[in-house]
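The values are calculated or read from the model by the stated rules, or taken from the named source; none is laboratory data. Source: prediction; values computed, not measured. Note that we place each Cβ from the backbone using ideal geometry, even for glycine, and neighbour counts take in every protein chain shown.
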Amino acid sequence: MQRIDSVKREKQKKARISLKNTYKSRFLRIFATAAALTMLLAASGCTREGALVEGSARAVTAIGEYIYYINGIGSTPGKGAEFSVRQGALCRMRSDGTNREVIVPACVAGYQLAGNDIFLVWLSSDNTYSVGVCGLDGSELKRIDTMEKGVFQYYYGYLYYQAADGFVRTDSRGGRRRVVDERAPGEAVYARGRLWCTFADAVSGEASFESMKPDGSDKKVIADYECAVMGRGEDGIYYLSSADSVLYRLDCRSGKSEKMIFTQYDYYLADDKTRLAYCAGGEASPGLTEHNMANGEKRRLNDYYCKDPVKTEEYIYFINASDNSFLYRSRISDGATELVSATVPVEGRTYVLDGYIYYISAAEKSRIYRIDEKTLERVCVQYGV
């Protein structure tokens, strides 16, 4: 096993990837403090449990005629106020922004839509995290278990999450509980009928990238050093290696890895189908670069210090740390870059959905806003405002 140095570990913590045509694959991870709760995102259309689908996990997502969203950033509820929360509650509204309503009045750390169910994690007044399930209107909320900070995801009829006794899975109502691994994975991805997990022990320095069957059996080591999973394609997984700081693509069918990008960045937005990746460097090497992973060609889009980029068909939206952390965008076709809003999104909380850019504004009481991608009209969609 290989110990990763602190500089590389910090780089890997910052790295993010989004696969344009494969949003179904992302595990939801909860990064939480008593005051602020954040999640990584995934998205897909869903059907009832039993069909071969994964849940839809986003801070903002749509199903049917409704848009679901977390109502800004909440905080630890007071004693006896676990279900009396507005700020940070799970809400929904019509696509035109009307009929906003709170459906789960708790401080929600993350949620996932799957068929007619919502699987969610919320912060209780005793500062523990509860895992539960409810209907699409918030009805019949059932607490299934408690969890630690870490992975939370619904896949093909099972919930996976980090509990006190290890990384566990249960059925959709908490039954058939099984410890998949006693360790806590940093990332976990489902592909080709297997789980692909990264592990790193901060005390011992031991780390690995492994695959296993969904029940935790038949474990196989892919790498015996620390890796950061950046995302998943149709049959491949992108990961950043601590051994050489290279972005690899692992073919889940053959088990072979291929070097894709040799320059290390803070953020990666890769399209597994077109083999194009949009990469943003850190403060020491700013700029947004398009990489053609098929032929190695590169094209510079801008020279700004870009943080938390998200991609639409036409633009890359990003927090511009070179200009007060305002929200900017660069056009993919020619790199033309412009200011979108002179407000400061909270890092990691900018989302794209159906022609709108959603984000939580740090300087405006951590409320959630959306911007029309065509008109750049900005509207607060916070419930109660």
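So the values come out like this:
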{"item": "Check on VAL221, assigned to a strand (DSSP E or B) and exposed (fewer than 14 other Cβ atoms within 10 Å of the Cβ)", "result": "yes"}
{"item": "Sole residue being of a type in the set (D, E, K, R), closer than 21 Å to VAL151 by Cα, surrounded by fewer than 24 Cβ atoms within 10 Å (Cβ to Cβ) and in contact (Cβ under 8 Å) with a residue 24 or more places away in the chain, chosen from GLU283, GLU206", "result": "GLU206"}
{"item": "Unmet criterion (only one of (1) modelled with pLDDT under 95; (2) touching a Phe, Trp or Tyr at 6+ places or on another chain (Cβ under 6 Å)) for SER254", "result": "(2)"}
{"item": "Total residues in region 224-273, condition in a loop (DSSP other than H, G, I, E, B) and in contact (Cβ under 8 Å) with a residue 60 or more places away in the chain", "result": "15"}
{"item": "Region 347-369, subset touching an Asp or Glu at 6+ places or on another chain (Cβ under 9 Å) and part of a strand (DSSP E or B), residue farthest from TYR304 (Cα to Cα)", "result": "TYR356"}
{"item": "Within region 59-105, tally of residues that are farther than 14 Å from ASP137 by Cα, crowded, with 23+ Cβ neighbours inside 10 Å and touching an Asp or Glu at 6+ places or on another chain (Cβ under 8 Å)", "result": "0"}
{"item": "Candidate set from region 90-136 (those that are part of a strand (DSSP E or B) and among the basic types (Lys, Arg)); member that is nearest to TYR154 (Cα to Cα)", "result": "ARG92"}
{"item": "Strands (runs of 3 or more DSSP E) (entirely within region 276-319) containing at least 2 residues that are closer than 21 Å to TYR239 by Cβ", "result": "276-280, 288-292, 306-311"}
{"item": "Selected residue (criterion: surrounded by the most Cβ atoms within 10 Å (Cβ to Cβ)) from residues of region 346-369 that are over 17 Å from GLY74 (Cβ atoms) and free of Cβ contacts under 8 Å to residues at least 40 places away in the same chain", "result": "TYR356"}
{"item": "Residue satisfying condition, being part of a loop (DSSP other than H, G, I, E, B), surrounded by 13 or more Cβ atoms within 10 Å (Cβ to Cβ) and free of Cβ contacts under 8 Å to residues at least 24 places away in the same chain, within set ARG176, ARG183", "result": "ARG183"}
{"item": "Residue in region 331-346 that is part of a strand (DSSP E or B), farther than 30 Å from LEU250 by Cβ and at pLDDT below 95 present", "result": "yes"}
{"item": "Any hit, region 41-55, residues being at pLDDT 90 or above and touching a strand residue (DSSP E or B) at 6+ places or on another chain (Cβ under 7 Å)", "result": "no"}
